[in-house]
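Undergrad: Below is the structure I would like to discuss, written out as structure tokens.
The values are calculated or read from the model by the stated rules, or taken from the named source; none is laboratory data. Just so you know, these numbers come straight off a predicted model, no measurement behind them. Counting neighbours? That spans all protein chains shown, and the Cβs are built from the backbone with ideal geometry, glycine included.
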Amino acid sequence: MHETDAHSATGAGATRSLLAIDAGQTGVRALVVQGESRRESSFSGLKTDRELFAQLAEIINGVVGTIEGTVTLTIGMTGLTVANSRPDELLSLVPPHIDRVYLAHDSITGFLGSMGVNQGAVTAVGTGVVTLAVGKTEWARVDGWGNLIGDSGSAYWIGRAGLESAMRAYDGRIPETALSDLLQANFTNPEEAYIELQTSDDRVARIAALAKDVIALADVDSAARDIVVAAGRELAHSAVTAARRTGLLEAPVQRFSWAGNVMKAPTLRNAFIQAITDALPGAEIREPEGEPIDGVALLPSVSEASPIAEVIYRAQR
């Protein structure tokens, strides 16, 4: 199963390249590895209310036309369910010089990007959020259940909480907050904001985009800070829960990390780290080894003995 060397020879004069796709709701990143060369490009995010493979194939077909020789395709994808974990179907939608594909949920690739092939727990935060823990023989996913019934501590969660606080202040239910400026800046008429959002096709992305403003206001506004700190605690709770479910709390080293640009915000990250440290004083909380796209590229390197090997779906021509 291993194609750890993306540029290994595959025949006389032929080279094998790697095309890694990190496909999320906010955006899609593509990484082409050819020998020592790395080339990245970005695209609009996937719409989870539309056929995912058709959207992916359009992106892949546009990128792969620039690649010569055989190609290994690796994909980390948001919204991947058991029903659509069909790499052979995706293989049928792409050019023939892509001869093999590795497909995994973005919680798997987020984990690999931050933790490599080590044991530990990684919380990947973007529009949504999912935590993945990998122990010696078990793996566990916590949250990642979408904005309607989950994604606690995510960008959407933070953005929505910011808007809710702004509406509470607008009504006079809580004291005035700097979050009121956020409401005024994004909606012409605050009393019609809920209608505008409910009828918007990109309402999830719009609300999630406000997280950066809520986080920025946390330095000057107590209501915003309370939201961001609460988000960090939610994320830590998921991480510790995932670690417990996989036996990591009994391991000699309890490793934790994170993924996603949202966690680059010091207030959120520090709240996350503090909450884990409070729960597990001996925990090792490390900076991510790389980005999620690097984890996508690592899919072929996962050992057959790893507990997550069973959820990396493969197909080849």
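Undergrad: Return yes or no: is Glu234 more than 30 Å from Pro96 (Cβ to Cβ), acidic (Asp, Glu) and in a helix (DSSP H, G or I)?
TA: When the stated conditions are applied, Glu234 passes them.
Conditions (1) more than 30 Å from Arg29 (Cα to Cα); (2) touching a residue at least 60 places away in the same chain (Cβ under 8 Å); (3) more than 19 Å from the chain's Cα centre (by Cα), marked per residue:
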position: Ala218; (1), (2), (3): no, no, yes
position: Ala223; (1), (2), (3): yes, no, yes
position: Ile227; (1), (2), (3): no, yes, yes
position: Leu235; (1), (2), (3): no, yes, no
position: Thr267; (1), (2), (3): no, no, yes
position: Ile273; (1), (2), (3): no, no, no
position: Ala315; (1), (2), (3): no, yes, yes
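Undergrad: Report yes if some residue within region 92-108 is assigned to a helix (DSSP H, G or I) and surrounded by fewer than 19 Cβ atoms within 10 Å (Cβ to Cβ); otherwise report no.
TA: no
Undergrad: So, one more: What do you reckon, is Thr81 polar (S, T, N, Q), assigned to a loop (DSSP other than H, G, I, E, B) and exposed (fewer than 14 other Cβ atoms within 10 Å of the Cβ)?
TA: Answer is yes for this residue.
Undergrad: Sort out which residues of region 145-164 are closer than 20 Å to Thr81 by Cβ, outside any helix (DSSP H, G or I) and not hydroxyl-bearing (Ser, Thr, Tyr), and write them in order of number.
TA: Trp145, Gly150, Asp151, listed by residue number.
Undergrad: Same structure again: Out of curiosity, is Glu51 touching a Ser or Thr at 6+ places or on another chain (Cβ under 9 Å), modelled with pLDDT under 85 and over 17 Å from Gly128 (Cα atoms)?
TA: It is false that Glu51 is touching a Ser or Thr at 6+ places or on another chain (Cβ under 9 Å), modelled with pLDDT under 85 and over 17 Å from Gly128 (Cα atoms).
Undergrad: Still on this structure, please answer the following. Filter region 237-256 down to the residues that are within 24 Å of Gly144 (Cβ to Cβ) and part of a loop (DSSP other than H, G, I, E, B), then identify the one that is farthest from the chain's Cα centre (by Cα).
TA: Ala251
Undergrad: Then there is this: Mind checking whether some residue in region 124-144 is surrounded by fewer than 24 Cβ atoms within 10 Å (Cβ to Cβ), over 17 Å from Tyr313 (Cα atoms) and of a type in the set (Phe, Trp, Tyr)?
TA: Within region 124-144, not a single residue is surrounded by fewer than 24 Cβ atoms within 10 Å (Cβ to Cβ), over 17 Å from Tyr313 (Cα atoms) and of a type in the set (Phe, Trp, Tyr).
Undergrad: Would you please name the residue that is farthest from Asp213 (Cα to Cα), looking only at residues in region 260-287 that are in a loop (DSSP other than H, G, I, E, B) and out of contact with any Lys or Arg (no Cβ under 7 Å at 6 or more places or on another chain)?
TA: Only one residue fits best here, namely Gly282.
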